[in-house]
1. For the stretch 34-44, state whether one or more residues are surrounded by 11 or more Cβ atoms within 10 Å (Cβ to Cβ) and not in a loop (DSSP other than H, G, I, E, B).
2. Among (1) open to solvent by less than 50 Å² (accessible area, probe 1.4 Å); (2) in contact with a Pro (Cβ under 6 Å, 6 or more places away or on another chain); (3) over 16 Å from Trp31 (Cα atoms), there is one condition Ala87 misses while meeting the rest; what is its number?
3. Counting just the residues of the stretch 54-77 that are basic (Lys, Arg) and touching a residue at least 24 places away in the same chain (Cβ under 8 Å), which one comes out least open to solvent (accessible area, probe 1.4 Å)?
4. Which numbered condition in (1) open to solvent by 50 Å² or more (accessible area, probe 1.4 Å); (2) in a strand (DSSP E or B); (3) modelled with pLDDT under 90 is the only one that Ser4 fails?
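The values are calculated or read from the model by the stated rules, or taken from the named source; none is laboratory data. What you see is a predicted model; the values in this text were computed from it and never measured. A quick note on method: Cβ atoms are made from the backbone with ideal geometry, for glycine too, and the neighbour counts reach across all protein chains shown. Quick note on the areas: whole protein, heavy atoms, side chains included, nothing else; ligands and nucleic acids left out. Shrake-Rupley method; radii C 1.70, N 1.55, O 1.52, S 1.80 Å.
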Amino acid sequence: KNSSISYFCCFFSPSLHHSPCQALPVLFKHWLKNEEVEEGCTALLHCELTKPGAPVEWRKGDKVLQPSDKYEIRQEGTHVELFIYDAEAQDA
């Protein structure tokens, strides 16, 4: 809230100009929504894609988030989730 840093869920499609077939692009069915949690709690951010299993990465500003004690990333089919454990003010 009131922070210049944002979390993003990004998907990647390989370049199609080298392929003889054209695949439909992966799109967001449901975009991220702002979430508020109390410090010390777990924040859950989620989005939904139009294609299952599309490769995604989560970012906080320019930093790519990796699974750790702080961040858990789950992807099942078209649903992608980011858990932020023990939320702190700097996670805003």
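1. Yes: one or more hits.
2. So the condition that Ala87 fails would be (2).
3. Of the residues in the stretch 54-77, the ones basic (Lys, Arg) are 59-60, 63, 70, 74.
Remaining after also requiring touching a residue at least 24 places away in the same chain (Cβ under 8 Å): 59-60.
Details: Arg59: 68, Lys60: 37 Å².
Among those residues, the one meeting the criterion is Lys60.
4. Condition not satisfied by Ser4: (2).
Conditions tested, residue by residue: (1) at pLDDT 95 or above; (2) in a loop (DSSP other than H, G, I, E, B).
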{"site": "Leu16", "(1), (2)": "no, yes"}
{"site": "Ser19", "(1), (2)": "no, yes"}
{"site": "Lys29", "(1), (2)": "no, no"}
{"site": "Glu48", "(1), (2)": "no, no"}
{"site": "Pro52", "(1), (2)": "no, yes"}
{"site": "Ser68", "(1), (2)": "yes, yes"}
{"site": "Val80", "(1), (2)": "no, no"}
